[in-house]
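The values are calculated or read from the model by the stated rules, or taken from the named source; none is laboratory data. The structure presented is a predicted model; accordingly, all values stated were derived computationally and were not measured. Glycine also receives a Cβ, built like all others from the backbone with ideal geometry; neighbour counts cover every protein chain displayed. Each accessible area value is taken on the protein alone, full model and side chains, heavy atoms only, with ligands, DNA and RNA left out. Shrake-Rupley method; radii C 1.70, N 1.55, O 1.52, S 1.80 Å.
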Amino acid sequence: MRKNLHFLIPNISNKFYYSEGQPWLIKEKDACGVGFIASRDNIASHKLIMQAIEALIFMEHRGACSADKSSGDGAGLMTSIPWKLFKPYINNSEDHVGIGMCFLPYNRIEVKEAKKFIEWIVREESLQIIKWREVPTNNEVLGSEAYKNKPTILQFFIKSKLSSKYNLEHKLYITRKRIEKLISKSYVKWLKEFYICSLSSKIIIYKGMVKSAVLGQFYQDLLHIDYESPFAIYHRRFSTNTMPKWALAQPMRLIAHNGEINTLLGNLNWMKTREELLSNIYNTKDINHIKPICNPESSDSANLDSAFEVLLHANLPIHEVSLTLIPEAYKNNPEINSHTDIINFYEYNSIYQEAWDGPALVIFSDGKIIGASLDRNGLRPARFCITKDNYIIVASESGVINIDQSNIIKKGRIGPGQTLALDLENKIILEDLELKKQVAKKKNYNYLLNLHRVVFNNKDFLEETNKSENELLQWQTLFGYTSEDVELTIEHMASQGKEPTFCMGDDIPLAILSGKPHILYNYFKQRFAQVTNPAIDPLRESLVMSLDTYIGNKEKLFNSSIEGKILYFNSPIINESELERIQKSELKSGTINAFFNVKQGTTELKSTILKLCQEAELLVKLGVEILVISDRFTVLSEDYTYIPPLLITAAIHHHLIRKKIRHKSSIIVETAQAWSTHHFACLISYGASLICPYLVLETVRHWWKNAKTQSLMQKNKIPVCTIKEAQENYKKAVENGLLKILSKMGISLLSSYQGAQIFEILGLGAEIVNLAFTGSTSRIGGLSFKELANEIIIFHDLALKNLNKNKLNNYGFVQYRPGCEYHLNNPDMAKALHKAVRTYKTEFYEGYKNILYNRPPTNLRDLLQIKSDSPPISIDQVESASLIVNRFCTGGMSLGALSREAHETLAIAMNRLGGKSNSGEGGEDPIRFKILSDVDLTGHSPLLPHLKGLSNGDTANSAIKQIASGRFGVTPEYLINAKQLEIKIAQGAKPGEGGQLPGKKVSPYIAKLRACKPGVPLISPPPHHDIYSIEDLSQLIFDLHQINPKAKVSVKLVASVGIGTIAAGVAKANADIIQISGHDGGTGASPLSSIKHAGVPWELGLTEVHKTLLSNNLRNRVLLRVDGGFKTGLDIVIASLMGAEEYGFGTVAMIATGCIMARICHTNNCPVGVASQREDLRARYPGVPESLVNFCMFVAEEVRSILAYMGYKSLKDIIGRYNLLSTNYINTLNKTNNLNLYDLLNLPREFINDRSWLEHEYVHSNGPVLDDILIKSSDIEETIKSQTNIDKHLKISNINRSVGGRLSGYIAKQYGNNDFKGKINLHFYGSAGQSFGLFNIGGLNLRLIGEANDYVGKGMNGGEIVVIPNNQFYKSNFQTNNVIIGNTCLYGATGGYLFVKGQAGERFAVRNSQAQAVVEGVGDHCCEYMTGGVVVVLGKTGRNFAAGMTGGLAYVFDKDNNFIDYLNSEIVKIQKVITKSGEIQLKSLLEQHLVKTGSLKAKEILENWSTLLTYFWQVVPPSEADTPQTNPNMDTLIFDKQVVIK
């Protein structure tokens, strides 16, 4: 047989190409609805299968479809094997039988080939296939794409002589891995069509590229009465891609995964090196069969499933596997602080197994145990209920299975880091704490930790300098320091203990285009989370984050026969004394001196790296446990210079991975070339465990000893500190910066970030990338080793051949300096533009344009030129400028960052043009919605007296209204007065980060618009707390279409690798517009390292998005808008050729209206009042709308002239015509000619002539919704018209989403936020879908008897929402605390009342500003970022209560006296209710709660008021400290003894 198959297994070389990026990064991301139903009694039934299918159908909205709108992205079930159904195929005996479910090629000849492979391996494993079965299916129910790509679906039945079920399962696992490995190495064209869904003696998986309702119709087995199972896992998929892939439907072999693994590349690298450790668990033969464990070509879910499998078959129970791979945030967790055995379990496992980090709800089963685990930050919804007849149901939403409410014992949620499981064999429900205690007691982890772990005690920083001033200058020059690095970054970090901030984006050339020398780090761009997973707030949610690091030989933990120690550090940054102590520890260390001989020429760099990799390998094989890579010279030499630490670290890291010995040694980098947080992040992401930045610490010591520094301290110009404190400040700034960089990718743990390579490379060639940065994306090529060596030698020569220098070079990388690095926004450009727009003379615009046309290559588009395929035409034949400007927009600059004058001037100008201005974050004054009719001859209006240059017919209404993460000022009236609604996912200057408006910019006017208090800083969270996944974004888009069905919804993304597949998901989520922003934008304050090192040029982002949407037949679904450094008509034309249809202006629009590029926007001291709230400075504002109108008309006329030259009549004719572009950079660049712009010019050719994708639906619809029925009912219509009262009773289910939103928008359109005086009382019965009470307006009162899902009261502005459980359920469960509403309720609420007779999930009242609420228990992060309103919690709270809370009050009933353990006290203080006004406020809300809900808790408290009042804590932020409710000096004291805890 082997001979017959020989022709199928050629010897193919193992080549890898990484230019584009890993497939899981650029081709496929997904999210879903997921859950399980199981019988606690382990009773199999067909009814359970039908209930699972019902659950899938009721989660259909959490999935998505292909471009044909009928082929689902995937749906599936995992169940136990239905032996009753299969009796005819197994001779009526299930003993020793396993069943395989597989997808084979459609071609019958290829099916035969595939069956031969399977049969061959089965025989070699001493097993027997007793039957093949073609699974009965109904193809008629498939969508066109699904049908076209449908595989042949077969089952095969295997007989074994093994007596044990476990042994058989293990045998079947090995068999499947062997089959997969054989076929993957075979030369078969059907390789990608082959997939084994399951091969087991316990479970079977039915799945496919179908919608939920179709699954049971397609697989006829599922509807067969004999298909019985005691459990079923269900999964409905939302893929960001629409390419047909049946195999990617879930469940996988063991898990169903709703989430995204952010650290995947690191997990894969560490798993690869860890394969050798399996010899302690598996026999040698089996190891060879199962390697490689993971596959970079597979999705994150598939790889996580593979990790589950390998640990499960190493005899770990599946729930222990889940705890190991997806650990909770166990440190300082009050729930487990007293359970040291659990903490020890996590501590021990964290040493050798990094977390698979990212948002995740994982449902798992091996047929014996079924369970669910949630990630450490609770970033996926997970509700459960337990019934009296012993069923347990877990799902992404409540209400997905119709259960008699009187049959339910308990309703709850799986919280952050929690696990819920059912042991089917023993018929036991394993709740979180008991499950973990059971697992933790299996071994004596305390003993093992004491045996192996040594906690490293920090040593003091040095106090004396080691170098003279001249020596320091020479060393700094050698390693690439500039005066800006020292003065703006290092000194600031040493003085302030935090990173410096800057503004106005990054307008210098990319490092690869620059004529100045750059250090290697500048070629790396940080990646960040957007849409498919959220960023984390490292400041307010630090409880889930950690910089813990272990060094040493991790093999010791796998093999108990090896003795030795592992060192633990709480930070990856060490000083010189600490490094010396490590090298003297009992761990064996060796040093790699990272130098190369410059006299040997530029080829020596690569050859030396290869030698050092070999040296490192030898040291590790000789037992070295710590590799110290050092660039510390004894004496500087003209013959030798350093190898960049990032380069040599990454090269050695990957070399040891390839040799599968990486786990045996840790890498410490002793380097002079690390001072920015970005540098440290790069080193860690490419393998370093610890970093000793000896030269920057020496620089800090010199700074502290400098007489100027001491003088500044004495004058209190900078904080006073000791020399040790200065170095500690610097270290603290680096650590906080690292947490920020981790968090922007949604990563919590440094141990998971290490080796994860969360960067995109811009400007390094394949030679370097393949050797040192394997797996990282480098799309444009760039430097070779020789060219990189040249750049290093420039610094070497500067240091050693210019010994008379007395100061560092200033290249002007940050601040513009004449004669230094080119800045796009330079004084000459600004002056020329001011002259042009103020005179409206063409010759002056020509001067401005020539300055930009003649610039050095700065952006990627500067390397392209237009090559037309048509002869020129007369400009008279080209569309008018007035039509072209309709495609122009201004960027989303908030009122708050900008002055009122600047913000309104931009809006008026764009409205005059027929273009679109963008409100940015922060709401909008309703007065701006009016059209001016009172403008006098001087251009002034009494309505807007602070503006000039006005005309009748002007309006300051922003056509685009932004919905950002802070939700400031997002009200029904704001939303209904928009032409477009923009969801800002990220911003170019700091993608993945939140924002903060300083208190000095929060004027009374700004505070009024944002519903907050003047002078109090305002925080915008890093993520939207209702967008943790693509299906969450889909829900927010649904919300916005619901409240304003006439407004297009746009989604703003920032360019980064993988944006294409994200955009595909956004298009499928029903967005109308996608905006791609470049890395170079941003007008407000941002960390300097973020401005310089995050995101990529819009050219890469736009072409990737355009190409992906075309390939997925989704391009017609969305309009593409782009912004980032646009300044001329040529920019517009190039963007059009790349696929853009609309164009945004940011900085240049501000310059046109008066900005002078002072670059102090973040200080509130803008000298011309553009970016200041100070009235004295705002009075200087010179801008008039006409200036921006003139600029846009100039640009449009330039576009017309280019179109005429090209021979085209309109912009639409050239959109997407990338074939009219070519490169023009040969011999124009200083550093290399090895750039490859293939990605910019390689778009699908078939779409050049087919232009149908440019025809877009005006606004996408939500389809039929419940609100439409309500609005169209004559009685409600009359009630709204006459402002009277009405009551209505309706049934509701979880498929009824965003109920009330459209009705609120309808009312707001007629009456605004506050002027509707009627009352519409709607009574609902059932399980409400997401966003119940969306943007609820005054006069609309919703009462729900049942339960609700996530986002209740999102953006609530007025009225009332009451949620109470079904009476039948409540009667038998009134003493239990049941969860009846979901996560993130009252997000961004600006008014109204919410009363909930039950518990809420995570993040209740996040960013609430004016709503008042009573709830009977909450999860983690309650009242986060709250700026106003009142929240009363009558029960248990989760962790991190009041993080970032700057306004409003909270009252917490704390009968257990442990609330302080759950409080984030960074901002707030807590005290008892000590004033009469506070008591009245609390009692009034409780009385309302009792009346509205009949709450027994409220009743008990009110009946025992004087006694139980003392159990309440009042949570008080500083802004509320002087109010009658909190301050006895402002009111009557009700207690003699004041209890205050700060």
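The peptide list 112-123, 978-989, put in order of mean Cβ contacts within 10 Å with the highest first, becomes 978-989, 112-123. For Lys708, the aspartates and glutamates whose Cα comes closer than 13 Å to its Cα, not counting residues fewer than 8 places off in the same chain, are Glu487, Glu491.
Just to verify a number: FRET efficiency for Asn1233 and His940, C-beta to C-beta distance, R0 = 56 Å, to 0.05? Walk me through the intermediate numbers first.
On the way: r = 58 Å, r/R0 = 1.03.
Computed FRET efficiency for Asn1233 and His940 comes out at 0.45.
Derived scalar couplings between HN and Hα for the range 736-749 equal 5, x, 5, 4, 5, 5, 4, 5, 5, 9, x, 9, 9, 10 Hz in order, rounded to whole Hz, by the Karplus curve 6.51 cos²θ - 1.76 cosθ + 1.60 (θ = phi - 60°), x for Gly and Pro. Maximal additional length on extending the Gln600-Gln220 stretch stands at 129.5 nm, based on 0.36 nm per residue less the C-alpha distance. Rounded to whole numbers, the Karplus 3J(HN,Hα) couplings from phi for the range 1031-1037 are 6, 5, 4, 4, 5, 5, 4 Hz, using 6.51 cos²θ - 1.76 cosθ + 1.60 with θ = phi - 60°, and x at Gly and Pro. For Ile203, the residues 5 or more places off, or on other chains, whose built amide H falls under 5 Å of its own are Ile81.
Which of the peptides 331-340, 1208-1217 is most tightly packed, and how do the rest follow, judged by the mean count of other Cβ atoms within 10 Å per residue?
In descending order of packing, they fall as 1208-1217, 331-340.
Cβ-Cβ distance of Ser577 and Asn315, R₀ of 41 Å, FRET efficiency by 1/(1 + (r/R0)^6): the value works out to about 0.40. When both the range 172-248 and the range 71-117 are represented by their alpha-carbon centers, they are found 9 Å apart. For the range 597-683, place one equal point scatterer on every Cα, skip the solvent, and apply the Debye formula. What is log10 of I(q)/I(0) at q = 0.11, 0.12, 0.18, 0.24 Å⁻¹? Taken in order of the listed q values, log10 I(q)/I(0) reads -0.32, -0.38, -0.85, -1.26. What shape does the range 466-523 have by the C-alpha gyration tensor, where a ≥ b ≥ c are the square roots of the eigenvalues, rounded means a/c under 1.5, and otherwise prolate means a/b greater than b/c and oblate the rest? Oblate, since a/c reaches 1.5 and b/c is not below a/b.
In this rough spin-label picture, where each label sits 7 Å from Cα along the Cβ direction, the Ser279-Thr1532 distance is 8.2 nm. In the chain, the DSSP beta bridges split such that about 55 percent are antiparallel, to the nearest 5.
Summarising the label geometry, the points placed 7 Å from Cα in the beta-carbon direction at Ser1201 and Glu134 lie 7.0 nm from one another. For Ala1328, the residues whose amide H sits under 5 Å from its own are Glu1347, Ala1348, Asn1349, ignoring neighbours fewer than 5 places away on the same chain, with H placed 1.01 Å from N.
The slack between Lys1288 and Lys621, meaning 0.36 nm per residue of separation minus the straight C-alpha distance, is 232.4 nm. Computed 3J(HN,Hα) for the range 344-351, one whole-Hz value per residue from the Karplus formula 6.51 cos²θ - 1.76 cosθ + 1.60 where θ = phi - 60°, is 4, 4, 5, 4, 5, 5, 5, 5, glycine and proline marked x.
Rounded, prolate or oblate, given the Cα gyration tensor of the range 957-1058, with a/c below 1.5 counting as rounded? Taking the square roots of the gyration eigenvalues as a ≥ b ≥ c, the range 957-1058 is oblate.
Our estimate of slack between Tyr840 and Tyr187, defined as 0.36 nm per intervening residue step minus the Cα-Cα distance, is 228.3 nm.
Can you order the peptides 1502-1512, 136-146, 1144-1154 by their average number of other Cβ atoms within 10 Å per residue, highest first?
Order by mean packing, descending: 1144-1154, 136-146, 1502-1512.
Ellipticity at 222 nm from helices only: DSSP H runs of n ≥ 4 in the chain, each -39500 (n - 2.57), divided by the residue count, give -9000 deg cm²/dmol.
Computed in the context of the full set of protein chains, the accessible area of the range 1426-1542 at 1.4 Å probe radius has 49% of its extent on carbon or sulfur. Can you classify the range 1392-1542 as rounded, prolate or oblate using the Cα gyration tensor, where a ≥ b ≥ c are the square roots of its eigenvalues, rounded means a/c under 1.5, and otherwise it's prolate if a/b beats b/c and oblate if not? It comes out rounded by the Cα gyration axes.
Here's how it looks for Ala355: its modeled amide H is under 5 Å from those of Ser752, which are all 5 or more places away or on a different chain. Simple spin-label estimate for Asn1367 and Lys1455 gives 2.6 nm between the two label positions (7 Å along the Cα-to-Cβ direction from each Cα). Cβ-Cβ distance of Tyr1005 and Asn1165, R₀ of 22 Å, FRET efficiency by 1/(1 + (r/R0)^6): the value works out to about 0.75.
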